[in-house]
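The values are calculated or read from the model by the stated rules, or taken from the named source; none is laboratory data. Model, not experiment: these values are computed from the prediction. Because the Cβ atoms are built from the backbone with ideal geometry, glycine has one as well, and the counts that use them run over all protein chains shown.
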């Protein structure tokens with residue numbers, strides 16, 4: 001069907017030649033694989049509510065056509081606002097026409113017919129290379145306007161390692177007003193077209209999108225697998241070596257890794273050195289001097305990290321010991337408060353003196369030398385008046401000594 005407009009002419013044609021197909025009066029017409037070119041108003045006009053209803057029920061069909069050279073740009077429209085039913089606006093009609101396989105072109109000559117406007121000797125056949133030479137479909141059948149929406153969507157986390165997911169609605173509405181209902185695995189819902197949702201836990205969740213128009217509805221389910229690495233909770237304990245003069249510290253990592261592979265970065269707080277680091281899980285570090293150090297542990301997984309710092313006080317002394325003739329010594333309770341018991345095992349009977357020494361090496365309490373028999377012996381010391389801190393208990397015979405650490409708390 002070739003109308004009066006040739007490639008953008010501005011002449012005003014007879015009003016009877018304004019539209020390519022004007023469908024009215026409850027028509028059951030089927031128009032497929034056809035060309036409508038050069039009509040000033042529209043390629044398709046739907047006239048009357050009965051015609052609208054015929055397209056709704058599938059009695060009438062307009063599909064897989066070519067519309068070209070329509071100055072007002074309407075591939076399809078309503079004859080008047082009173083003709084609304086399934087398609088309530090001309091914009092919806094135009095969108096439905098395109099969605100159902102109709103190609104549109106701005107000018108008539110883009111269709112590339114042989115001589116459509118040479119009225120003395122016209123030829124309406126498609127020329128070589130014409131868009132009309134391909135794409136026909138004689139098995140399309142009748143598709144009503146109120147076909148079910150073709151529901152689809154995609155989803156992705158808002159940012160990597162996030163439980164917040166963005167959902168993108170890809171539903172084909174077939175040009176009909178459509179509403180949406182989302183069900184996020186029973187955890188929540190939304191009626192937005194493109195919502196976001198926060199899952200509170202890891203797991204697999206079936207997300208359902210239902211699309212509904214005035215005549216039908218359909219839905220699709222998709223499984224969203226949420227697997228987010230939680231932030232580790234860094235922590236550690238430490239203990240100093242018990243040997244006299246020791247500056248060795250053993251660090252025990254107590255980080256809660258939340259079930260995710262975790263790496264570690266230690267800094268032992270020696271500000272004058274760059275070699276005071278470790279990536280071991282449970283390192284041992286030897287300090288060069290007494291002092292107070294801030295130890296930092298960073299625990300990291302693939303996405304998140306946590307940091308903790310603790311203050312370590314080094315109180316090693318230069319008290320020297322020899323342990324020949326004394327098998328072992330012990331103090332208890334340790335830490336102590338008001339009293340402490342010193343236990344020692346002598347290889348032979350000997351004179352023994354007990355000294356309590358502070359971290360500077362000063363003796364702050366000493367017993368008189370007394371004779372003890374071989375084997376296990378005990379002596380009690382009153383520490384009620386001694387301030388809180390770290391001390392050393394030295395057990396000495398007439399020629400030998402052995403030292404152990406004591407902590408007093410108040």
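Tabulated results
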| read-out | value |
| --- | --- |
| Residue match in region 186-193 (condition: surrounded by fewer than 15 Cβ atoms within 10 Å (Cβ to Cβ), touching a helix residue (DSSP H, G or I) at 6+ places or on another chain (Cβ under 9 Å) and assigned to a loop (DSSP other than H, G, I, E, B)) | no |
| Strands (runs of 3 or more DSSP E) enclosed by region 323-367 - at least 1 residues per element that are touching a residue at least 60 places away in the same chain (Cβ under 8 Å) and surrounded by fewer than 17 Cβ atoms within 10 Å (Cβ to Cβ) | 326-332 |
| Region 277-311 - residue that is buried (at least 18 other Cβ atoms within 10 Å of the Cβ) and over 30 Å from residue 160 (Cβ atoms) and, of those, modelled with the lowest pLDDT | 287 |
| Long-range neighbours under 8 Å by Cβ, at least six apart or interchain, first residue at positive phi within region 174-203, second in a strand (DSSP E or B) and surrounded by fewer than 13 Cβ atoms within 10 Å (Cβ to Cβ) | 185/206; 203/225 |
| Failed item, numbered, when residue 270 is tested on (1) surrounded by 13 or more Cβ atoms within 10 Å (Cβ to Cβ); (2) under 37 Å from the mean Cα position of the chain (by Cα); (3) outside any strand (DSSP E or B) | (2) |
| Residue check for residue 299: more than 32 Å from the chain's Cα centre (by Cα), part of a strand (DSSP E or B) and in contact (Cβ under 8 Å) with a residue 60 or more places away in the chain | no |
| Test: residue in region 216-230 that is in contact (Cβ under 8 Å) with a residue 12 or more places away in the chain and farther than 30 Å from residue 151 by Cβ | yes |
| Residues of region 83-116 satisfying the condition of being surrounded by 18 or more Cβ atoms within 10 Å (Cβ to Cβ) and either over 54 Å from the mean Cα position of the chain (by Cα) or part of a loop (DSSP other than H, G, I, E, B) (or both) | 85, 86, 87, 100, 102, 113, 116 |
| Some residue of region 207-217 being out of contact with any helix residue (DSSP H, G or I) (no Cβ under 7 Å at 6 or more places or on another chain), over 30 Å from residue 58 (Cβ atoms), modelled with pLDDT of 95 or more and assigned to a strand (DSSP E or B) | yes |
| Residue tally, condition surrounded by fewer than 17 Cβ atoms within 10 Å (Cβ to Cβ) and in a strand (DSSP E or B), over region 232-266 | 10 |
| Flag if residue 143 is modelled with pLDDT of 90 or more and either surrounded by 12 or more Cβ atoms within 10 Å (Cβ to Cβ) or in a strand (DSSP E or B) (or both) | no |
